[in-house]
Amino acid sequence: MSAQRIYLWDLPTRLFHWLLLAAFAAAFITGQVGGNLIVWHGRLGVLILGLVVFRLIWGVIGSTYARFSQFVAGPGAIARYLRGQWQGIGHNPLGALSVLALLGLVGVQVGTGLFANDDIAFTGHLYALVDAGLSNRLTGVHKLLSNLLIALVVVHVLAVAYYRRVKRHDLLTPMVTGWKHDAPAHSRSAQGGGPVAFLAAAAIAGGVAWAVGSGWASQTFAPPPPPPAAVETPSW
């Protein structure tokens, strides 16, 4: 089968991929070290929140192969892929499951971190919206999920290496340059996801990150303080 060169991954998708990797690595390190770096751990969590929101929006209005509608498939497509009958471009059906799992888990990890605390001085940006008991439970979930996320990242890296060494499919270079050099002859370069779509997605994602990171969301939606205790007036 003849092959051709096509534009596969747009720049926003590639920037999201590498920024998320860098932010996740930095958040993991700062969380493990703790101390004064825990403040940066919280800031990185807000950055990751913005990135996830951006990717969810970009999965709807981005370019062809970044859209969820293009690569999220059902059991039938997965079965065809396992039988070697799938000939699509971009994320294959198993890769799509990996993308969804990572996005979902990162989203839950960030969400729990926003309500977490370290039993000393640090609290998440939305800590004021929950009581101490719920915050402690979410903190426990946050710590447990970090190990699962590391495992998923390792599986992702191993899968990329497997496709490169065994199946001779280079998944890394297109995510760096945007171009795939061995696409099937019937393939077409990505379309859509232009500057207007990017600015809209970036504005919404930035707004969400600002609302959380600045404390606006916590101050706006925090429950009102309890009324002062009644003071019994002496009868004399």
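The values are calculated or read from the model by the stated rules, or taken from the named source; none is laboratory data. Everything numeric here is computed off the predicted structure, so don't read it as measured data. Glycine gets a Cβ as well: all are built from the backbone with ideal geometry, and neighbour counts include every protein chain shown. These area figures cover heavy atoms from the full protein model, side chains too; ligands, DNA and RNA do not enter into them. Shrake-Rupley method; radii C 1.70, N 1.55, O 1.52, S 1.80 Å.
Based on every Cα atom in the chain, Rg and the maximum pairwise Cα distance Dmax equal 22.3, 101 Å.
Relative contact order of the stretch 93-209, taken over Cα pairs closer than 8 Å and 6 or more residues apart, is 16 percent.
Distance between the pseudo-spin-label points of L21 and F221 (7 Å out from Cα toward the beta carbon): 3.2 nm.
May I ask you to derive the FRET efficiency for L144 and A203 from their Cβ-Cβ distance with R0 = 41 Å, giving the value to the nearest 0.05?
Calculated value: 0.75.
Net length available on complete extension from M175 to Q32 is 48.6 nm, with 0.36 nm assigned per residue and the Cα-Cα distance removed.
Of the whole protein surface, D182 contributes about 70 Å² of accessible area at a 1.4 Å probe radius.
Solvent exposure of the chain amounts to 59 Å² per residue of accessible area, where only protein heavy atoms count and the probe is 1.4 Å. Here is the list for the stretch 53-102: trypsin sites (Lys or Arg not before Pro) lying in DSSP coil, each with at most 11 other C-beta atoms within 10 angstrom of its C-beta, are R83. So for the stretch 98-176, considering every pair of alpha-carbon atoms, how many percent are separated by more than 17 Å? More than 17 Å apart: 56 percent of the Cα pairs in the stretch 98-176.
Charge dipole of the chain (Cα centre as origin; +1 on each Lys and Arg Cβ, -1 on each Asp and Glu Cβ, all else neutral): 1260 debye, rounded to the nearest 20.
Normalised by the number of residues in the chain, what is the relative contact order in percent for Cα pairs under 8 Å and 6+ residues apart?
34 percent
Centre-to-centre, using Cα atoms only, the stretch 17-70 and the stretch 165-215 are separated by 14 Å.
Looking at the stretch 106-196, which trypsin sites (Lys or Arg not before Pro) are in a loop (DSSP not H, G, I, E or B) and have at most 16 other Cβ atoms within 10 Å? Sparse-neighbourhood loop trypsin sites (Lys or Arg not before Pro): K167, R168, R188. Rolling a 1.4 Å probe over the protein heavy atoms of the chain, with every protein chain left in place, gives an accessible area that is 68 percent carbon and sulfur. Rounded to the nearest 500, the 222 nm mean residue ellipticity of the chain from helices alone is -20500 deg cm²/dmol, with -39,500 (n - 2.57) taken per DSSP H run of at least 4 residues.
Positive end of the dipole of the chain (Cβ unit charges, origin at the Cα centre): among L102, I29, Y127, the Cα lying farthest that way belongs to L102. D for the stretch 147-207, whole µm²/s, Stokes-Einstein with Kirkwood Rh over alpha-carbon pairs at 20 °C and 1.002 mPa s: what number? The diffusion coefficient I find is 146 µm²/s. Our summary gives the stretch 1-135 a relative contact order of 19 percent, counting only alpha carbon pairs under 8 angstrom and 6 or more residues apart.
Candidate membrane-span-like segments in the chain, meaning DSSP H helices with Cα atoms spread over at least 27 Å of their own axis and a Kyte-Doolittle mean of -1.0 or above, are 11-33, 38-61, 93-114, 132-165, with no membrane implied. If all Cα-Cα distances of the stretch 118-236 are sorted into 5 Å bins from 0 onward, what percent lands in each bin, rounded to whole numbers? Calculated P(r), rounded to whole percents: 2, 7, 9, 10, 11, 12, 12, 10, 9, 6, 4, 2, 2, 1, 1, 1, 1, 1, 0, 0.
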